[in-house]
Each structure stands twice: as structure tokens, then as C-alpha cells.
Protein chains: 2
Amino acid sequence: MEQNYKLKISYDGTRYYGWEHQPDRETVQGKLENVLSRMCGDVPVDVIGAGRTDAGVHARAMIANVRLDTPMDADAILTYMNRYLPDDIAVLEVRLASERFHARYNAVGKTYQYTCFDGPVKPVFDRKYYTPMEQTLDVERMQQAAHYLEGQHDYKSFCGNSRMKKSTVRIVDTITIRRRKGYVYLTFHGTGFLQNMVRIMVGTLLEVGVGRREPEEVQAILDGCDRKLAGPTAPAKGLCLVKVDY
Amino acid sequence: MEQNYKLKISYDGTRYYGWEHQPDRETVQGKLENVLSRMCGDVPVDVIGAGRTDAGVHARAMIANVRLDTPMDADAILTYMNRYLPDDIAVLEVRLASERFHARYNAVGKTYQYTCFDGPVKPVFDRKYYTPMEQTLDVERMQQAAHYLEGQHDYKSFCGNSRMKKSTVRIVDTITIRRRKGYVYLTFHGTGFLQNMVRIMVGTLLEVGVGRREPEEVQAILDGCDRKLAGPTAPAKGLCLVKVDY
């Protein structure tokens, strides 16, 4: 009998073409589906993620759901998956979920964290998880700029998909920016994010942080509803999906 | 005028054939010497490390010294090196040292840390810096076994070089083993270590930790002075040189 399972997954996105499966390319969803499909006797399996992370973006706790017909219990599924998945993807939890649980439709909030390092000597061990900065960041200026981005807005200027036809209005509850030694962490919580939206917000805030833009300009960028007004898309490797709320 | 500099270096050893230069192979010493040689106008340069780490072993703070004839000051040397070194090697400090300072001869102690993970789900982000264990480790048994290894002993059974002709007597002051969630950290402080010595001690302690050997056996292994008596050489990737004392 088919049952619905909720999965919590952690991955290092460095060598993947993002979450969503693509023909002939390594993706996280593709890896998960391959392992689960084999586990269930080579039947097709659909893993539904809470969202799609871009190529190179990491996740500490992506949530997904999947319907499986297997005699194995949740613990056995977790053990099986971790045995056959590569070491840059780990399944943290497998739980039997209600029949109606849908990882994408039921998600009510997401937290992303973006990590930069602006100290003089770049740390080596976590180098795949932060974006190195050549200039020192002024966190206070970045915080001022971030306030303009909080709330409910039309984030069209921060949308990487130029052909987006649906609404580009979203709510970003909080943006917190804090420094710990040479690291600067930007944490975004919102109900949902457009394609590349966090990375474009970060790219814009970094321009404020190095003095290339004024914090007040962010209001005009929002109002203009034009991607060209915002800063560049910050590199993928600094970004990590840290939590999904249900 | 040639001056002597002390360097503090951090590296991820994953893709290197160890510290010591070898023809046609990527080594940490080789990388450092190439960059410094270019900096000084293509004159040959000898970087003397506090010790040699094996292929795949990491360092948080290797110490080295090098004689350079350059008009640049220590800060400028540091900046230059970090600009041209790959991102898995970072120079943390460059200081003018006394003419007689020798990173190997003057070293009076070293601290190595070995990291294992024995929890059910292996973390992905630091996967290149710990050794995954299939069985749960009994830290108390490992601590009992480690006591036999502390002190001044002939560590011939823990020497990876079977043709070692010099003395294999060393002093290991302290071995501490502690658990933090699924991680088990083994920290060794001693005056000096033989080739592979830390990894063979770890390989032996892990056999005790999973119940394959009794803690008391370690005494007989030491007394036997025979490499075959000890456990296997634990994988390089869990090992990190964390401190050198002068």
C-alpha cells in the first residue's frame, strides 16, 4: 500500500545542477529518486521538494515528501537511503506523513542563510560554503538597506526569471545581518521566494555594504519593478536553505 | 638581504600528496615554494616545515620558516601569498624571525586532532574532515587504552616506516578523547611523532572502541615492538595538525 513520507535532507550543492531533476545532469532530486526507485523495485518515484534550490546552493534541512509502496518502515528507509546516497547528500529524518501532506503547497515559510567572509585571510575548511569578499562590509549600512526589503512588496526587481507571469508579490518577515569575526551572515525569513530572489537581494546588499550604493536606493529599486535596477546575483555557494516551516 | 620568516599555514590536505615536495605531484610545500620563488624573482626557495604531514592530512596551523631576499615586509608577503595560493591553502601569519629559528629543529611539541563520526546520519558539510564509523565507539574503553600509550615509550609498533633506523622512542604527554554528539575527537600532544604514528594509534584505539580488542592489549602491543601487533593505519582525512609548540 502506498504511503506518504516526509523527508528532511541535508546536502552540499557544490557538484549538483540544483535540486530539480534534469536529463543527463546530476541533481539532488534526481539522486533521491534514483535511490528510492531502486528501493521500491524500479518503479518510478516522485520526490516533491519544498522548493527548488539553484545549482550550487546548499541545504541544511530541505523538506520533501514522497509516496512509496514498500514494506520497510521509516527507519529502514532512512538507513537504506543513507547507505546508497553519495556522501554529499544525507537524509536526516524520514517520517510517515498524513496522506495530504505536500512539501511545497503546505510550506508556510522558509529561512535562507547567506554567508560571506571579508577578513584578510580566507578560511580553507569551509571555503565551499561562503563567498569571499575583497572589501570590508559595513554591516550597519547593510542593515539599514535590508529594512526597505522587509515586509510585503512586489519583488519584481529581485526576480531572476524575466518571463515570470505570476505575481511577484511576496512577504519577507525579517532580514537579520550579523558579523562574527570575518564572517557576515545574512538570514532571510519569508513566506516564499522568487527565483534567485535571495541571491539578488544579497548582491544588492553587498553593494551597499562596500559603499557602492546608498541604503536608501533600495526603496527606488523596489519601486522600479525592474531587475536591471538591483545588484548582481550573488554566487550560489554562499547560500543555504536552513529551515522550512509548516 | 636574506631574512628568516616564520609562517603559520592552514590547509585542506584532501587533494595533496602530503606536505613534502615530490616531483610531478601536488604538495603543500611545493605550492608554497612555487609562490615564494616567483615572488622573489624565480630564485629557488626552501620552505622548512615543522614536520611532514601525510597525503590527505590537514593542518589548522602548520609552522614553517623560509629565508627570503625581498624588499616586501611581512604583511605584504602574507597578502602576496594568499593572492596566489589556491583556496585550499591559507597563510595565517608571516613574521620576521630570528636568524637561527628553524621550524623543525626548534619545535618542542605538536598537537594532532583526529575526528571520527559514529552517529547514524553522516554530516555532509565537513565530510572531508572526519572518518565515518559504522559502529558506535565506546569512548571510556578508548580512554583506558589510551592511558597505556601516554608517557615515554618505544613506539616501534606504531611506526609506519619499517626501515626506521633511528630511535623510535618518543614522549606522548596526553591523549584526550571526548565525544560531542556523534563526533569523537582524539587529541594527541607529544614532543614528536613517528611516521603514521598518530594514525596507527587511532587505528588501534578504534579497534578497542568497537570492542574488537581489550584496552589492556595495548600494553602488549607497545612491549612487542612490532608494527603487525597494532591496528590498521586510520584514514588520513580524519587527521589534522592543530598546533606546534616552540
Considering only residues of the stretch B:114-136 that are more than 10 Å from chain A (Cβ to nearest Cβ) and out of contact with any Lys or Arg (no Cβ under 8 Å at 6 or more places or on another chain), which is least open to solvent (accessible area, probe 1.4 Å)? B:Cys116
Criterion: within 13 Å of the chain's Cα centre (by Cα), open to solvent by 20 Å² or more (accessible area, probe 1.4 Å) and of a type outside the set (A, V, I, L, M) - qualifying residue of B:Lys228, B:Lys243, B:Lys181: B:Lys243
Of the residues that make up the stretch B:14-23, is at least one within 14 Å of chain A (Cβ to nearest Cβ), at negative phi, surrounded by 24 or more Cβ atoms within 10 Å (Cβ to Cβ) and not aliphatic (A, V, I, L, M)? yes
Identify, from the list A:Asn161, A:Asn196, the residue that is within 22 Å of A:Ala55 (Cα to Cα), touching a Cys at 6+ places or on another chain (Cβ under 8 Å) and open to solvent by 10 Å² or more (accessible area, probe 1.4 Å). A:Asn196
Considering only the stretch A:145-174, how many residues are touching a helix residue (DSSP H, G or I) at 6+ places or on another chain (Cβ under 8 Å) and farther than 19 Å from A:His58 by Cβ? 16
Looking only at the stretch A:194-241, count how many residues are in a loop (DSSP other than H, G, I, E, B) and under 16 Å from A:Asp138 (Cα atoms). 7
Scan the stretch B:139-158 for residues that are of a type in the set (Ser, Thr, Tyr) and open to solvent by 20 Å² or more (accessible area, probe 1.4 Å) and report the count. 1
Could you list, in sequence order, all residues of the stretch B:60-83 that are surrounded by 14 or more Cβ atoms within 10 Å (Cβ to Cβ), within 14 Å of another protein chain (Cβ to nearest Cβ) and not polar (S, T, N, Q)? B:Arg60, B:Ala61, B:Met62, B:Ala74, B:Ile77, B:Leu78, B:Tyr80, B:Met81
Flag if A:Leu96 is more than 30 Å from A:Asp173 (Cβ to Cβ), loosely packed, with under 15 Cβ neighbours inside 10 Å, more than 14 Å from chain B (Cβ to nearest Cβ) and touching a residue at least 40 places away in the same chain (Cβ under 8 Å): yes
Close pairs (9 angstrom Cβ cut-off, 6 or more residues apart or separate chains): in contact (Cβ under 8 Å) with a residue 40 or more places away in the chain and at positive phi in the stretch A:204-219, surrounded by 14 or more Cβ atoms within 10 Å (Cβ to Cβ) and in a helix (DSSP H, G or I) anywhere: A:Gly211/A:Arg141
What number goes with the only condition from (1) more than 11 Å from chain B (Cβ to nearest Cβ); (2) in contact (Cβ under 8 Å) with a residue 24 or more places away in the chain; (3) over 30 Å from B:Ser10 (Cα atoms); (4) surrounded by fewer than 17 Cβ atoms within 10 Å (Cβ to Cβ) that A:Tyr105 does not pass? (2)
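The values are calculated or read from the model by the stated rules, or taken from the named source; none is laboratory data. In this text, all values refer to a predicted model and were calculated from it rather than measured experimentally. Virtual Cβ from ideal backbone geometry, glycine too; neighbours counted across all protein chains shown. The accessibility values were calculated without ligands, DNA or RNA, using every heavy atom of the protein model including side chains. Shrake-Rupley method; radii C 1.70, N 1.55, O 1.52, S 1.80 Å.
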